[in-house]
Amino acid sequence: MAQRSKSPAIFFVDAYTPNEGEMGLCLEYGVLRWSSNKNDRPEVYVHSFLKPATTPNRVRWSNASVDMKISRDFIENNRDLPTIEDMIEADYLKGRSVVCFDATVEPFYSLLSNSSAVVSIVQLWNDLFADNEKALLCTSLSKMCDFIGMLPDDKENTNYTPLLKRLHQMAALWFLLEEMAKHPKSKRSMGAGGMQFNFIWPLPKTKDKWFERDVNSFKDLTDDEIKEFFSGTLADRIDWFEMSMYACDWVYHRQKNRGTEDLEGRNEMAEFIFKNVLNFKMQVWVLIYYSIYNHRLEVARQIALDRGEVRRLKSAQLENFSNFIIENLDVFLSGEQKQKLLASLVKQSFDSNGAVRFEHFDFEALQKQYANRRSDVQKLYFTDNAPGTNLKNCYKEIRDASGRTIYRRYEVKGRGKERAAAKDLVLRNLNRLYDDARNVFSDIWLTPSLKLWIQFITGCNIAEIVRTVRSNDATELVDVRNSLHYILERCAYEYLVKLYNELKNIFAAMQDDNIEIPPFQFSFQGISIEVEIISAAKVGFFRRLFSFE
């Protein structure tokens, strides 16, 4: 793409209502962005079909169908469409230099209230042709274009909607009128007919196929074919009857998952998904979306030229592309691909935590050490009695800065009532540990990193997935919850069996008050667990040894 100058881009805006003068019944809205370098093609900046803000029965659907190919069924079946009021509130043209056909009428007066500069083609036309009565009779875009001799729409482009075609025609007309204002003598040649405005108008003929031959990978394409595809004409290949555009997204007001910077191995995962999970057609779509919605045409072209080897990108480019893929995994992956990827990630996480060896922590020494550390140093959190009891030293727990437990120690000691209370405490808490482990949605299994991956892959908030089931839960949420639960249970089974056997041995040992055995020490999903059973006889000996009575 040619180097842009420092002057600002120009934005062209239009909206369609089949009921003239009724802003609330607008059914389509569009904005083109034309860079300061007029050798670039204007690009779609915003495009959306709209639902009427009032009752649809008042809409003149026959006009919408004939004029703009918009049907009532299409609008009513797309319940998530925004309204023209939503577009006004979104304020995509705030601080922009904007051109519209007539800035004095609604909805444009409201849409452009915060724009930095507004040019009305009607006003520009009337100023230029103030002394030409015939020209002043031209009050529509089509009549103005006919008057100055611009070629009509040849109907060869079927990908752009009539509104987007009108916007391109408006951009071409505006440029010609601006040139006339700079060079008044050029008006003498107007009306000769058959004028084609550079490469903006008429729009190029729609191609039936992306490529002239069947290809199955980027390796099947030549460099020239790739450069021709990923060029300024890329948007011409998009079916804009099916696609929306909201500056940098294709879903209006989408709440995107955040936290890609916290995902472990995101670059490697993005590369794996792009190269090994997505088929060639979806790889091309990913690069198309990246080009159009993230405005990274050059990077997308380079990825294709490198035959999908994303590691060849510069570090910052790789980070950006990886984030784009991860943030939109729920869109790019099929249902089956999501299941396989989730199963792989869950197994990898469980196996990784399951391989962590037991580590003994000196609770008192660490507690004293971290109490004196600065607040900006990663902290550990210490608990020395179990919830609901004041039996200190029978239970110790250490959690890391994220709140995840890394160490638990249980002690059965004392004699008589003291020992019975300690035993009851340890039994209850070990049973609680097992109950928590049986809940595969608990934090024991779902690490912060795994939670983020689940959110990005499924598109559902993890808090919604793991919460208590409600009767009005969306079907999509229920399906995600059920499939994830199945995956987690299947991957957790072997570790639950091991935990059960460890606890069974501990419970058996606790029945003998006089047993003398070394502490039970094992690791469960990254949690180091230590259970020490001190013989009651040994406790009695120590008491006699230190007794002064």
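Rule-based calculations on the coordinates, nothing more; no lab input. All figures in this text were calculated on a predicted structure; none of them were measured in a lab. Here the Cβ is made from the backbone with ideal geometry for all residues, glycine too, and neighbour counts use every protein chain on show.
Just to confirm the number: angle between the C-alpha axis of helix 335-354 and the first principal axis of the chain, 0 to 90 degrees, nearest 10?
The answer is roughly 30 degrees.
Filter 69/205; 51/165; 155/182 down to the pairs with a C-alpha to C-alpha distance above 30 Å, please.
155/182
Counting helices only, and only those DSSP H runs with n ≥ 4, report the 222 nm mean residue ellipticity of the chain as the sum of -39,500 (n - 2.57) divided by its residues, in deg cm²/dmol to the nearest 500.
Mean residue ellipticity at 222 nm (helix-derived): -13000 deg cm²/dmol.
Can you give me the Cα centroid spacing of the stretch 401-477 and the stretch 47-64 in angstrom?
51
For P(r) over Cα pairs in 10 Å bins from 0, in percent, which listed value, (i) 3, 16, 26, 28, 18, 7, 1, 0; (ii) 3, 14, 19, 18, 14, 11, 9, 6, 4, 2, 1, 0, 0; (iii) 3, 16, 23, 21, 17, 13, 6, 1, 0, comes from the coordinates shown?
(ii)
Relative to the longest principal axis of the chain, what angle (0 to 90°, nearest 10) does the C-alpha long axis of helix 475-510 take?
10
Angle, helix 280-293 long axis vs. longest principal axis of the chain, Cα atoms, 0 to 90°, nearest 10?
That works out to roughly 70 degrees.
Sequence neighbours fewer than 8 away in the same chain don't count; with that in mind, list the aspartates and glutamates whose C-alpha is under 16 Å from residue 38.
Within the straight-line cut-off, residue 38 pairs with 178, 179.
Where a ≥ b ≥ c are the square roots of the eigenvalues of the C-alpha gyration tensor, would you call the stretch 218-332 rounded, which needs a/c under 1.5, or, failing that, prolate if a/b is larger than b/c, or oblate?
It comes out oblate by the Cα gyration axes.
Please state the relative contact order of the chain as a whole percent: Cα pairs under 8 Å, 6+ residues apart?
10
From the Cα gyration tensor of the stretch 353-503, with a ≥ b ≥ c the square roots of its eigenvalues, which class applies: rounded if a/c is under 1.5, or else prolate if a/b is larger than b/c, or else oblate?
Prolate.
Please report how many Lys pairs in the stretch 353-545 have alpha carbons closer than 25 angstrom, counting only residues at least 8 apart along the chain or sitting on separate chains.
Eligible lysine pairs with Cα atoms under 25 Å apart amount to 28.
How would you rank 44-55, 166-177, 129-140, highest first, on the average number of other Cβ atoms within 10 Å across their residues?
166-177, 44-55, 129-140
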